[in-house]
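K.L.:
Before I ask anything, let me first share the structure, which is written out below as structure tokens.
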Amino acid sequence: MNAARVHAVLVAGVDDPRRIAQWRDEPAALERLGVAPDALDLDTLHKFAGLAVKVRHNNLRAEFALSFRLMSAAAIEIDLFAAYAMQRAASGVPYAASVPQRAADLVDFALTWLDAAQPAQALLRDMLRHEHALARLGPWHVPAPAAGAARAPRIAGTAIVEEFDCDPRDVAAIAYRPAPDFAAVERGARRLCFWRNDGGEIAIVELDAFGQYLVASLDGERSIAQLARRLGGGRATIGAVRRALAAFASIGLVELPA
Amino acid sequence: MRRFESDPARTRLGLAYGPSALAYLDDNPDGIDYLEIPFEQLRHAPALAAIRQRIPLVLHCASLSVAGNVPPSAATFDAVASVARQTATPWIGEHLAFIAAEDADDPAAEPTTLSYTVCPQLSEESIERVAANLATARARLGDVELIVENSPQYFDVPGSTMGMTDFVGKVAQRCDVGLLLDLTHYLITCINTGVEPRAELERWPLERVVEVHVSGLSSQSGVAWDDHAMPAPPLVFELLDTVLRRVRPRALTVEYNWSPTFPQAILAQHLSRLRGALDAA
Ligand SMILES: [Fe+2]
């Protein structure tokens, strides 16, 4: 087999893994390109395409250090990035030039691809969202234009609320031990509010289900009565909303109208 | 400006350029002898070369596609030559691989260039191609020496007629070229092609080795993969000891450069272990 043809086929497959799928379905198409189908391990070529895409995402590692650590510990980096290479090729959209957008695209894909029923992958889903929230509020934060006086309850600064199946901070605490026992991380619903105040300080506030829904409902437009109606209505709800907002205001998370 | 000084009696110890290497250097200004820096990074950010004020540089390159059929552009050759002068590199370490190829459907169309080098067909035809490409590169790059680095092999490349050790040996002889022995690539190739690494090393043309690389690997999906975010496994250190019993390379580079959070404690521990191995050799 002519080396130039063989190299052309390898590059075509790595550049666009849909070609590899096509050759798998129709070996004659590979034969027509000058490569004997039996001579090429298409599965490993596809994984190699995944390695190349993984390396192209090394510039996310500063912000996603623990996610990459978990990916490596679960030995799923190559499979994840091979699947991602296929999805990106199918979408026809090139990898984003900006690091924050490249991260957002990868996180979106990983959350659909990872299997939440598998413990290691469930942890990774949580860690990706945890690190993504911290990156968006930290180094990648884009300041919002200055707002006028509050007309309705609103977040003081920027908040991202995520619901997890563990506390990602527990994972962080053990991630760099020699043989971390990720299976030992306590499981159960945790609702965290990642909050950056107007002074640029970042805090993580743990919420209950009511607080999670309330914070997520604050848009600076809805009045306390409207918020209460969204949360089920009734006199008792208005009281609970007032008390919760007052508690959030006392730590500075929420700004109430004068 | 600092310059890498070759010493036939002593192997210099260096780190591949990256945030963790810079952090190490900040804490240990005399801990390493040089930084190995990719041409591609310097091409896009020439100001990085200013680090030569602190430490000598060795140039690494992935753009010359020496085992491929699509030559780099004249602009790329010129840029490599210019960066080689600017860094005063003692040699250019290039992958014995290719990064571009003709269009699979239409050889007359624009070639396709990847972001990552690929192991070539291991054949006499490829050896002749490397010889022709190296002759061109030597003419374009002037005085600076080119050395070639063994690729990690993940799958059999169709049309191959020999294994990696024979391929590298024949290239070295046919092209009279120095070698960059990447021990992790070597081990990955052995694992993936079912070769016993200790015995195979006896067949390697070690007398040609100018520089050695060590880095990590990871086993995923039934294949061993290059992984510069992982520490080198014990077998890589053992293979290095074997190499050092037979020859004295001019440089040994630790490639822990994929992750800015590579643990500094492991980096320092491995460097001190390698320094010890070099001192004992
Ligand atoms: Fe290397």
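K.L.:
Mind checking which of B:Leu239, B:Leu48, B:Leu96 has the largest fluctuation in a GNM of chain B, springs on alpha carbons under 10 Å?
P.N.:
Highest fluctuation among the options: B:Leu48.
K.L.:
Then there is this: D for segment A:144-258, whole µm²/s, Stokes-Einstein with Kirkwood Rh over alpha-carbon pairs at 4 °C and 1.567 mPa s: what number? Walk me through the numbers on the way to the answer.
P.N.:
Working: Rh = 15.7 Å.
Rounded, D is 83 µm²/s.
K.L.:
A further question follows. What are the DSSP H helices in chain A that stretch 15 Å or more along their long axis, judged by alpha-carbon atoms, and whose average Kyte-Doolittle hydropathy comes to at least -1.0?
P.N.:
Answer set is A:3-15, A:42-56, A:77-91, A:99-113, A:119-137, A:235-250.
K.L.:
For chain B, which DSSP H helices look membrane-span-like by this rule: Cα extent along the axis of 27 Å or more and mean Kyte-Doolittle of at least -0.5?
P.N.:
Numbers: long enough: none.
Span-like helices, by this rule, are absent here.
K.L.:
If all Cα-Cα distances of segment B:12-280 are sorted into 10 Å bins from 0 onward, what percent lands in each bin, rounded to whole numbers?
P.N.:
Answer for segment B:12-280: a P(r) of 7, 30, 38, 22, 4, 0 percent.
K.L.:
Could you do me a favour and compute the accessible area per residue for segment A:1-125, 1.4 Å probe, result in Å²? Intermediate values should be presented prior to the final figure.
P.N.:
Numbers: 4710 Å² over 125 residues.
Computed with neighbouring chains in place, this is 38 Å² per residue.
K.L.:
To the nearest 10 Å², what's A:Asp25's accessible area with a 1.4 Å probe?
P.N.:
Around 130 Å² of this residue is reachable by solvent.
K.L.:
Taking every pair of alpha-carbon atoms in segment B:71-208, give the share separated by more than 28 Å as a whole percent.
P.N.:
Details: 1888 of 9453 pairs.
Of the Cα pairs, 20 percent sit more than 28 Å apart.
K.L.:
Give me the inter-chain shielding for A:70-78: mean count of other chain Cβ atoms within 10 Å, whole number please. Before the final figure, lay out each step's value.
P.N.:
On the way: counts 0, 1, 7, 0, 1, 4, 2, 6, 9.
The mean count of partner-chain Cβ atoms within 10 Å per residue comes to 3.
K.L.:
Before rounding to the nearest 500, sum -39500 (n - 2.57) across all DSSP H runs of length at least 4 in the protein assembly as shown and divide by the residue total; then give [θ] at 222 nm in deg cm²/dmol.
P.N.:
Values: 21 runs with 244 residues, N = 539.
The helix-only estimate for the protein assembly as shown comes to -14000 deg cm²/dmol at 222 nm.
K.L.:
Please report the buried accessible area for the interface of B with A, total over both chains, probe 1.4 Å, in Å² to the nearest 100.
P.N.:
What B and A bury together is about 3300 Å².
K.L.:
How large, in percent, is the carbon and sulfur part of the accessible surface of segment B:1-75 at a probe radius of 1.4 Å?
P.N.:
Details: 1710 of 3250 Å².
Carbon and sulfur atoms account for 53 percent of the accessible area of segment B:1-75.
K.L.:
Under a plain spin-label model, where a point goes 7 Å from the Cα along Cα-to-Cβ, how far apart in nm are B:Val247 and A:Arg169?
P.N.:
Between B:Val247 and A:Arg169, the simple spin-label model gives 5.4 nm.
K.L.:
Looking at chain B as a GNM with Cα springs under 10 Å, which of B:Pro71, B:Pro263, B:Pro120 has the largest mean-square fluctuation?
P.N.:
Result for chain B, Cα springs under 10 Å: B:Pro263 fluctuates most.
K.L.:
Can I ask one more? Compute the length gained on full extension between B:Arg85 and B:Ser272: take 0.36 nm times their separation in residues and subtract their Cα-Cα distance, giving the result in nm to one decimal.
P.N.:
64.2 nm
K.L.:
Regarding segment A:36-142, what's the average projected area of the Cα-atom convex hull, expressed in nm²?
P.N.:
On the way: hull surface 30.5 nm².
Across all orientations, segment A:36-142 yields a mean hull projection of 7.6 nm².
K.L.:
Per residue, how much accessible area does chain B show when a 1.4 Å probe rolls over the protein heavy atoms, in square angstrom? The partial results should precede the final answer.
P.N.:
Values: 10720 Å² over 281 residues.
Computed with neighbouring chains in place, this is 38 Å² per residue.
K.L.:
For segment B:80-104, which residues drop by 20 square angstrom or more in accessible area between the chain on its own and all protein chains together (1.4 Å probe)?
P.N.:
Flagged in segment B:80-104: B:Phe98, B:Ala101, B:Glu102, B:Ala104.
K.L.:
Carbon and sulfur atoms: what percent of the 1.4 Å accessible area of segment A:41-142 do they account for? Please report the intermediate quantities before stating the final value.
P.N.:
Numbers: 1950 of 3570 Å².
Heavy-atom surface of segment A:41-142 belonging to carbon and sulfur, 1.4 Å probe: 55 percent.
K.L.:
Compare the Cα positions of A:Ala96, A:His57, A:Pro139 along the charge dipole of segment A:1-140 (+1 at Cβ of Lys, Arg; -1 at Cβ of Asp, Glu; about the Cα centre) and return the one farthest towards the positive end.
P.N.:
It is A:Pro139, whose Cα lies furthest towards the positive end.
K.L.:
Can you tell which of B:Ile55, B:Ile188, B:Ile147 shows the greatest fluctuation in a Gaussian network model of chain B with Cα springs below 10 Å?
P.N.:
Among B:Ile55, B:Ile188, B:Ile147, the largest mean-square fluctuation in the Gaussian network model of chain B belongs to B:Ile55.
K.L.:
With a 1.4 Å probe and every protein chain left in place, work out the accessible area per residue of segment A:144-258 in Å², rounded to a whole number.
P.N.:
Values: 6330 Å² over 115 residues.
Heavy-atom SASA per residue in segment A:144-258 reads 55 Å².
K.L.:
Can you grab the distance from the C-alpha centre of segment A:97-148 to the C-alpha centre of segment B:175-197, Å, no decimals?
P.N.:
First find each Cα centre; the distance between them is then 38 Å.
K.L.:
Can you give the FRET efficiency for A:Ala236 and A:Asn197, using 1/(1 + (r/R0)^6), R0 = 41 Å, r = Cβ-Cβ distance, to the nearest 0.05?
P.N.:
Values: r = 31 Å, r/R0 = 0.75.
Calculated value: 0.85.
K.L.:
Post the alpha-carbon centroid distance, segment B:91-126 to segment A:24-92, in whole angstrom.
P.N.:
First find each Cα centre; the distance between them is then 18 Å.
K.L.:
If you count only protein heavy atoms and use a 1.4 Å probe, how large is the accessible surface of A:Met127, to the nearest 10 Å²?
P.N.:
0 Å²
K.L.:
With a 1.4 Å probe and every protein chain left in place, tell me how much accessible area A:Glu221 has, in Å² to the nearest 10.
P.N.:
Here the residue's solvent-accessible area equals roughly 110 Å².
K.L.:
Could you check how much of the accessible area of segment A:144-258 is carbon and sulfur, as a whole percent, using a 1.4 Å probe?
P.N.:
On the way: 3240 of 6330 Å².
Whole-percent figure for carbon plus sulfur exposure: 51.
K.L.:
Additional query: Restrict the search to segment B:172-281; then list the GluC sites (Glu not before Pro) that DSSP places in a loop and that have at most 15 other Cβ atoms within 10 Å of their Cβ.
P.N.:
On the way: sites: B:Glu200, B:Glu202, B:Glu207, B:Glu211, B:Glu238, B:Glu255; in loops: B:Glu202, B:Glu255.
Hits after loop and neighbour filter: B:Glu202.
K.L.:
How fast does the protein assembly as shown diffuse by Stokes-Einstein, in µm²/s, taking the Kirkwood radius from C-alpha pairs at 10 °C and 1.306 mPa s?
P.N.:
Working: Rh = 25.8 Å.
My calculation gives 62 µm²/s for D.
K.L.:
Heavy-atom accessible surface, probe 1.4 Å, ligands and DNA/RNA ignored: which residues of segment B:133-163 lose at least 30 Å² versus the isolated chain?
P.N.:
Residues passing the criterion (a loss of at least 30 Å², heavy atoms only) are B:Tyr154, B:Phe155, B:Pro158.
The values are calculated or read from the model by the stated rules, or taken from the named source; none is laboratory data. Fair warning: this is a prediction, and the values are worked out from it, not measured in the lab. Ideal geometry is used to build each Cβ from the backbone, glycine not excepted, and the neighbour counts take in all protein chains shown. Note: accessible area is taken over every heavy atom of the protein model, side chains too, but ligands, DNA and RNA are not part of it. Shrake-Rupley method; radii C 1.70, N 1.55, O 1.52, S 1.80 Å.
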